[in-house]
Amino acid sequence: MLGNRGRAPRRRRRAALAAVLALALALALAGASLLIAGGGRAARVRPTYAALAAGATATLEQRYYDGAGKWNICLPRKCGAGNIDWGADSMTYALYLHWTVTGDRRVRPIMNALTSTAYPWSPDVYSSSDVPAWDAIADVREYQVTGNPAAIAKSEAAFRYVAAGKVTSFQTGACPSIQYQLPHGQPTMLKTLESGSNYVKAALLLYQITRYHGYLQAAAAQYAAIRRYYLSPGVPLYTVYVFDNGSACTQAPARYYASVNGNMIWAGYDLARVTGRSVYLDQAIATAKAAAQHLGDATGVYADLQAENDVSEPLIEAMYDLARFSHQAFARDWLLRAASAAASDVNSAGAYGRFFDGPPPRAPATVWQVNGGLALAIAAGSLDPHGRPAIPGFWSHAVFVHHDLRLVNVPVQFSFAGRAIAIIGTIGEHCCEPGHAEVFIDGTQTFDQTGIWQNKSSSNRSLPGSVLFAWRWPAPGTHTIQIRAGFPNTKEGPSFFHMTGYYLVK
């Protein structure tokens, strides 16, 4: 039987959980959150998932939220603040997830403030197709918490922008049922599932609220088109990019972004719920199981590859829905395994890194990187509030090895002995888009072929000392990582890779 997460979750259970999290939050605010951050005594403390969720909530509400309707783009606060597009929107999604779990009354005024600064989309604005789609979902989430009519009005305006542009500029080319990212595809001829999957999710959310059947029809039609063009052959995962040159549509193979696969899992689950067609749920579960099987490191912890052009909150949210409401044990296990690893991926400011299996961030932690860890902690606090991570100080005894290595014309590689590695370099070294590379571990390419897209910096800043790649193994061993040139394309650009060293856990 399909569950239903509506505007008011089961109040009795939520009240009990809220009491647990309230106590944990009090401890976090008193300084207990520092115990999860690194070495010394912190490495010996095993906080509960409720305490980690409370710490994540404090980070979200008191550090990243700026108190005036916008999100700080990074911590330390040196990147400005905003409330538009996927980085900021993913923080709104995480805040909504927290509210569904706890009913936290402090969320309502924050969501009202976010509504007041949300972008007012209108037809005369020039934009890509994905930005208003991300925003439409954030606006709906604000409405679900507040009931503020301004929020739903802004969501529908953002959705109309994409829907109208579908015919005139976004939905043209050789495969016109999916959207170009930029009007008429110029100059990259790129179609992105960031637009399509968010369009489906926004349509379904708007249908939940308005009951206007046109939204449901739009969601179902776009969902079918996505499966035709973005679904990878041989595995039920969705690549994020298709290039449409006007004559043919070609996938950029195996770019398995967390956001789009999470959106499609969520969409399949919700389409099954509202239509009664179990095939949608079967498809959602197949994609979720493929993500759990193929997109993790050697210990099964999800590895969110590249640099910072994606957000992982939608995948956490989708897996949480499968675990909590569809009672899928594998999704619960996936979340708690990742949460256990991520307990050592949070710094003293409460900021998580992109890699759940990696060390705490030392470089500025942007919203594109931190959203997934915050959402993961919140989800784990709901699923297993009294549980504890296995080794929260996993990285506290890591050693740093200085190793300057650049990809020029031929593959480069290095070998080491240990059980975990985190490659360090500068995100956006040649800021801020073209330059990526492929990663091979012991001779085998990572299943997600996104690799390391190092020069992409969504904050439009160079961020030295960032984690470019992290991986764990169940036991110590000798391993070789090789970096190869990626195939150039009009989105990711030519090849680039430069590391300054790596952290090693022996």
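The values are calculated or read from the model by the stated rules, or taken from the named source; none is laboratory data. These numbers were taken from a predicted model, which means no experiment stands behind them. Cβ placement follows ideal geometry from the backbone for every residue including glycine, while neighbour counts extend to all protein chains displayed.
For the reader, a short list of remarks on this structure follows.
- Among helices (runs of 4 or more DSSP H) entirely within the range 277-371, having at least 2 residues that are of a type outside the set (Gly, Ala, Ser) and more than 18 Å from the chain's Cα centre (by Cα) singles out 278-294, 329-342.
- Boolean, residue 357 is acidic (Asp, Glu) and in contact with a Pro (Cβ under 9 Å, 6 or more places away or on another chain): no
- Scanning the range 420-435 finds one or more residues that are touching a Pro at 6+ places or on another chain (Cβ under 7 Å), closer than 24 Å to residue 300 by Cα, assigned to a strand (DSSP E or B) and not assigned by TED's automatic domain parsing to the domain that holds residue 261.
- Candidate set: the range 433-459, residues that are surrounded by fewer than 19 Cβ atoms within 10 Å (Cβ to Cβ) and at pLDDT 95 or above; chosen: the one farthest from residue 252 (Cα to Cα): 442
- Residue 161 being of a type outside the set (Asp, Glu), touching a Pro at 6+ places or on another chain (Cβ under 7 Å) and closer than 23 Å to residue 222 by Cβ: yes
- Restricting the range 448-468 to residues that are β-branched (Val, Ile, Thr) and part of a strand (DSSP E or B), the residue that is nearest to residue 233 (Cα to Cα): 452
- Residue within the range 232-250 that is assigned to a helix (DSSP H, G or I), out of contact with any strand residue (DSSP E or B) (no Cβ under 7 Å at 6 or more places or on another chain) and more than 15 Å from residue 322 (Cβ to Cβ) present: no
- Residues being surrounded by fewer than 24 Cβ atoms within 10 Å (Cβ to Cβ) and either among the hydrophobic types (A, V, I, L, M, F, W, C) or closer than 18 Å to residue 66 by Cβ (or both) - total across the range 360-386: 3
- Taking the conditions (1) in contact with a Gly (Cβ under 7 Å, 6 or more places away or on another chain); (2) of a type outside the set (Val, Ile, Thr); (3) within 18 Å of residue 84 (Cα to Cα) in turn, residue 160 satisfies each one other than (1).
- Criterion: in contact (Cβ under 8 Å) with a residue 60 or more places away in the chain and surrounded by fewer than 24 Cβ atoms within 10 Å (Cβ to Cβ) - qualifying residue of 298, 307, 221, 225: 298
- Residues in the range 76-98 that are more than 15 Å from the chain's Cα centre (by Cα) and surrounded by fewer than 24 Cβ atoms within 10 Å (Cβ to Cβ): 76, 77, 78, 79, 80, 81, 82, 83, 84.
- The residue pairs whose first member lies in the range 174-191 and is among the basic types (Lys, Arg), whose second member is at pLDDT 95 or above and assigned to a strand (DSSP E or B), and whose beta carbons are closer than 9 Å, counting only pairs six or more residues apart or on different chains, are 191/180; 191/241; 191/242; 191/243; 191/244; 191/249.
- Just one residue in the set 439, 410 is over 18 Å from residue 362 (Cβ atoms) and assigned to a loop (DSSP other than H, G, I, E, B); that residue is 410.
- Checking each residue in the range 428-465 for being of a type in the set (Val, Ile, Thr) and in contact with a Leu (Cβ under 8 Å, 6 or more places away or on another chain) picks out 439, 446, 450, 452.
- The range 329-342 residues that are more than 19 Å from residue 359 (Cα to Cα), paired with ones that are of a type in the set (Lys, Arg) (beta carbon under 7 Å, 6 or more apart): 330/289
- Extreme residue, nearest to the chain's Cα centre (by Cα), among residues of the range 266-276 that are part of a helix (DSSP H, G or I) and surrounded by fewer than 20 Cβ atoms within 10 Å (Cβ to Cβ): 274
- Output for the range 460-482, where each listed residue is among the aliphatic types (A, V, I, L, M) and surrounded by 16 or more Cβ atoms within 10 Å (Cβ to Cβ): 463, 467, 468, 470, 481
- Any hit, the range 275-296, residues being among the charged types (D, E, K, R) and at pLDDT below 95: no
- In the set (1) within 25 Å of the chain's Cα centre (by Cα); (2) at pLDDT below 95; (3) surrounded by fewer than 21 Cβ atoms within 10 Å (Cβ to Cβ), the condition left unmet by residue 409 is number (1).
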